[in-house]
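For reference, the structure is listed below as structure tokens.
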Amino acid sequence: MLKSSLFAVLFLCLLVRDISAQNPHDIRCLKAFWDREDRSFKTGSKSFKYGKKEIVFYGTDHGIRNPRDSQFTGIEAQIRSFKPELILTENSGSVSSSKEETIKNSGETGLCWYLAGLKDIQISSWDLGQAALYYSLRKTYTSDQLLFLTLSNLSYQFSVNHYTSYEYYHDQLVSFLEQGGYPFKTEQKTLGYYQMLFRKHFNKEMVQQVSPEFSNQLMFIFKDPVLHGMRSSMQQLRDANLINRIRQELKTHDRIFIQAGAVHLQSLESIIPRLLKESVTSPKGRTIPELKKKDVLPEMTFVNSKVDSTLIHLRKQSKSNSRILILSDQDSTIKSKIAVFKPDLFLTEGSGLFGDGNRQFAIDKEIETEKWMPGWDLIYDQMFGKYTATEINYQVISYLLKRFDQIPPLDAYEKTYDHLTLSGFPFQPEYTNAAYYFSIQGGVINSDFLADLAKIKTKALLQKIEDKGKSYQKILVQVSPEMMILIKKNGLP
């Protein structure tokens, strides 16, 4: 028994090593908690304090959508009285024009993002991205097992949000997860594929209508021992990431408000006091990172460069002899490059609107695929401090609208809103309304803002290449023509 327990802890250490260096005691605590089947479920907040460092952690019930429920009044009261410098939430929340509509659409997470935009509070998601979570677990589970777990875990949302049909709900869920980076193979996106996995696992047909039978189905999904074991591994990874994020943010913030499901509060309750005690005070304030010489990877040199096809071919000078191919080209050309180059990893711009055309092709070829561009919530996070929330909202919307100058303005605004919402951008409530944006003569972009955005994107790309180059032999990177110009301009050797 002891040997198997030690093996399990070692296995989790291997899973989380790509996320951060974790304290072995933390890992044992997380595993012991999530492996239990008798976890209680109690919502509410708890405060933790050490010196001037303080965390308020609000454990929530994701199934509540009544704006008058005490969960939402409690969150609002806590944020108002605590006055946090930073809010960390489980995933990112979409913001609507009113508080009530926001709660109905995206629950407690949405409320946090609504209040942050209203009160000009820095906000970000603490959660792992879909791709990072998937590929960490993929070392142990099959693609179909992870698909079945992911869709089953979220099936409760069908009854909570009152979709017109399960098929419509499934299509919306797949679209949402895919925008978040989940690597669906083409055939895995259909409801029929999930029904097949459900039938194979439970030896029965799935219920697809809100009813007592559907509630029973949710219960045996929750209690299934195979899904429980997979869910335990997934939740341990997510909590390990939250621990790392708390440790990181305590270096620059004194007051942090955290929203997560109530069980996450229980799993971290004994760990947070030590994180506070260990934290050290760091200088406040944020600056947009400068591109220094070391950021342009001087250890990489050109092997071949064809300006006419915007192809940059790089070879890393190291014992591993990693090869990095960066290109911005037509889909057919890139597909041929994938076939010839045979990369271990395909990095896409991942914006969902542009620079992402061959993502599906790579996934279907079972090539590990991630985005290199930081989410709009992280871009917002780096901009916050130098620019106000209002300035960031205005400038980012104006920047993206320029990409849709061929379609009517209101349609362009709707596409921009949908894209930013799925990408985790913390909208201010008034900017969810196209009429408000156009009433203030939107469209003028600050040149300093554009320069700072370019720095963030370029640095993120180069850092991703450097980090992944340590573990992968052959990396293919797809960028937009705009990014290709920035890369060349910023001095790749």
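Read-outs throughout are calculated quantities, based only on the coordinates presented, and are distinct from any laboratory measurement. Quick caveat, the model's predicted, so the values are computed rather than measured. No Cβ is skipped: glycine too gets one built from the backbone with ideal geometry, and neighbour counts run over all protein chains shown.
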Checklist outcome for this item: For Ile445, Ile87, ascending order of other Cβ atoms within 10 Å (fewest first) is Ile445, Ile87
Checklist entry - For region 52-147, what does the alpha-carbon gyration tensor say about shape, rounded, prolate or oblate, given a ≥ b ≥ c as the root eigenvalues, a/c under 1.5 as rounded, and a/b over b/c as prolate? => result prolate
Next on the checklist: So if the hydrodynamic radius of region 22-288 is defined as the Kirkwood radius over C-alpha pairs, what does Stokes-Einstein give as its diffusion coefficient at 37 °C and 0.692 mPa s, in µm² per second?
Outcome noted: 166 µm²/s
Checklist entry - Quick one: putting +1 on the C-beta of Lys and Arg, -1 on the C-beta of Asp and Glu, what dipole do you get for region 22-288 around its Cα centre, in Debye to the nearest 20? => result 900 debye
Checklist entry - Contour minus end-to-end for Ala435 and Val340, with contour as 0.36 nm per residue of separation and end-to-end as the Cα-Cα distance? => result 29.3 nm
Next on the checklist: What distance in nm separates the two pseudo spin-label positions at Glu76 and Asp224, each 7 Å out from Cα along the beta-carbon direction?
Outcome noted: 3.9 nm
Checklist entry - What number, in nm² with one decimal, is the all-direction average of the projected area of the convex hull of the alpha-carbon atoms of region 412-493? => result 7.5 nm²
Next on the checklist: If amide hydrogens are placed 1.01 Å from N in the peptide plane, which non-local residues have theirs closer than 5 Å to the one on Lys474?
Outcome noted: Arg323, Asp344, Leu345
Checklist entry - What's the extension gain from Thr388 to Ile407 if we count 0.36 nm per residue and subtract their Cα-Cα distance? => result 3.9 nm
Item to check | Cβ-based exposure ranking for Met383, Met373, in which fewest neighbours within 10 Å come first | outcome: Met383, Met373
Item to check | Proxy reagent accessibility, fewest Cβ within 10 Å first, across Asp405, Asp254 | outcome: Asp405, Asp254
